[in-house]
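Undergrad: Before anything else, here's the structure in question.
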Amino acid sequence: MVNKVFGNVDAYVYTIEFQKRGLPHAHILIILDENSKLLTADDAESVVCAYLPDPASERRLLDNVKTHMIHGLCKPHNRNSPCMVDNSCTKKYPKEYSEETVYISDGGYPTYRRPNNGLVINVRGHPVGNEFVVPYNPCLLVKYDTHINVEVCSQSVMYLYKYVYKCHDAATLEVWNGDEIEK
């Protein structure tokens, strides 16, 4: 499966969002073909991680996770963080520890493996463990060295309306069939 991080793709939809506080970013929904669909916890875990990698064997990946994939220190470190509303993080961080990925293929998003293994890194003067790691794909994170949040979603309609089509004035649509674009 060379150059196919997630498998064979049947379709994709994306939108570029321009935020008030930051740089533009993309929301991309990838629809995999039947043979590549992620149907089990092992499938989900093969493409998405939500924990700190081993510092002894994966130093570059750990540095990228530390730089790009730690949720912006909210409670208990900073109760004035932009994600905090009514003394609670709107992104639900810190996440609960989980020794294994739990995934029901028709239930939306998995609960990713976040072991309580004592591994802690220092981020902006605060000790941080797996409870603040944003889900990522190790291959994409190392290749592009930037924030790339990757989630498995088995209910694509939920993702489409939550992220891809929110508050946009225009859309571009391409229907791609093999080597031709149909208009």
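Undergrad: Which entries in 4/91; 66/91; 20/91; 75/143; 66/92; 4/37 show an alpha-carbon gap greater than 23 Å? Let's see the in-between values first.
TA: Details: 4/91 29 Å; 66/91 18 Å; 20/91 18 Å; 75/143 31 Å; 66/92 19 Å; 4/37 13 Å.
Over 23 Å apart, Cα to Cα: 4/91; 75/143.
Undergrad: Which value, to two decimals, describes the C-alpha radius of gyration of segment 55-156 once divided by 2.2 N^0.38 Å? Kindly include the intermediate steps, with their values, before the conclusion.
TA: Working: Rg = 14.2 Å, N = 102, 2.2 N^0.38 = 12.8 Å.
For segment 55-156, the normalised Cα radius of gyration is 1.11.
Undergrad: Now for a separate question. Pairwise over distinct Cα atoms, reciprocal of the mean inverse distance: report the Kirkwood radius of segment 10-54 in Å, one decimal place. Write down the numbers at each step before the final one.
TA: Values: mean 1/r = 0.0753 Å⁻¹.
About 13.3 Å, per the Kirkwood formula over Cα pairs.
Undergrad: A further question on this structure: Non-local amide H neighbours of residue 9 (under 5 Å, H modeled in plane, Pro and chain starts lacking H): which ones?
TA: Those qualifying (amide H under 5 Å, at least 5 residues apart or on another chain) are 33.
Undergrad: If you plug each phi of segment 6-20 into the Karplus form 6.51 cos²θ - 1.76 cosθ + 1.60 with θ = phi - 60°, what whole-Hz ³J(HN,Hα) values come out, in order, with x for Gly and Pro?
TA: Here the 3J(HN,Hα) series is 9, x, 7, 9, 8, 7, 8, 9, 8, 9, 9, 10, 9, 8, 5 Hz.
Undergrad: With θ taken as phi - 60° and the coefficients 6.51, -1.76 and 1.60, list the Karplus ³J(HN,Hα) couplings across segment 76-89 in order, rounded to whole Hz; mark glycine and proline as x.
TA: x, 6, 8, 6, 9, 4, x, 7, 8, 9, 6, 6, 9, 6
Undergrad: Then there is this: Going from most exposed to least, what order do 69, 84 have by accessible area with a 1.4 Å probe?
TA: Ranked list, largest accessible area first: 84, 69.
Undergrad: Which value, in Å², gives the accessible area per residue of segment 1-116 when a 1.4 Å probe is used on the protein heavy atoms?
TA: Normalised by residue count, the accessible surface of segment 1-116 is 66 Å².
Undergrad: Quick check: residue separation of residue 149 and residue 80 times 0.36 nm, minus the Cα distance between them. What number comes out in nm? Don't jump to the answer; show the numbers that get you there.
TA: Details: separation 69, 0.36 × 69 = 24.84 nm, distance 2.32 nm.
In short, 22.5 nm is gained.
Undergrad: Right, something else. Contact order normalised by length for segment 67-120, with contacts defined as Cα pairs under 8 Å and 6 or more residues apart; what percent is it? Numbers along the way, then the final one.
TA: On the way: 51 pairs, mean separation 12.3, N = 54.
Relative contact order, segment 67-120: 23 percent.
Undergrad: Which whole-percent values make up P(r) of segment 1-129 when all C-alpha to C-alpha distances are grouped in 10 Å steps starting at zero?
TA: Final binned percentages: 10, 30, 39, 19, 2.
The values are calculated or read from the model by the stated rules, or taken from the named source; none is laboratory data. Note that the coordinates shown come from a computational prediction; the quantities given were computed from them, not determined experimentally. Each accessible area value is taken on the protein alone, full model and side chains, heavy atoms only, with ligands, DNA and RNA left out. Shrake-Rupley method; radii C 1.70, N 1.55, O 1.52, S 1.80 Å.
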